[in-house]
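**Q** So that we are looking at the same thing, I have put the structure below in structure tokens.
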Amino acid sequence: MTRDEYVRQVRRLLEEGQRLQSRPSLAALRTWIAVSDELLRSAWGSMDRYHLAWLMVGRPGDAVRGRAMTAPEEAAYVREVAAAKSAALRTSLQAVEVDGMPFLGEDAETRA
């Protein structure tokens with residue numbers, strides 16, 4: 001993957017994250033999380049449990065347990081998770097685009 005491809009894919013995911021925050025959908029969130037997790041994994045490698053716990057992405061503290069969420073609760077959950085994951089994506093984008101960090105998934109020929 002080239003640096004430009006990575007930046008383009010992250011920007012697309014950030015746009016989708018904004019859409020999820022304005023029009024929440026739990027099914028769309030699940031797909032978006034899976035796609036963004038795969039992109040981040042290909043760029044930076046797998047995260048261990050320590051990093052995942054630190055990020056707390058997808059685990060809001062006030063999540064409903066033991067019953068189905070109401071529509072307003074589900075919308076709030078989707079917004080919260082999309083905002084948290086978007087923050088992680090923005091950090092990754094800055095590392096590559098602004099800070100020029102090499103990343104695991106980068107094609108060796110594309111590094112300048």
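**Q** For the range 68-73, take each phi angle, set θ = phi - 60°, evaluate the Karplus expression 6.51 cos²θ - 1.76 cosθ + 1.60, and give the result in whole Hz per residue in order, putting x for glycine and proline.
**A** 5, 6, 6, 4, x, 5
**Q** Separate question: Using the Karplus curve 6.51 cos²θ - 1.76 cosθ + 1.60 with θ = phi - 60°, what ³J(HN,Hα) values do you get for each residue of the range 32-47, in whole Hz, with x for Gly and Pro?
**A** My calculation for the range 32-47 gives 4, 4, 4, 5, 5, 4, 5, 5, 5, 5, 5, 8, 10, x, 6, 8 Hz in order.
Read the figures in this text as sums done on the coordinates, not as results from a lab. Please read these numbers as outputs of a predicted model, since none were measured by experiment.
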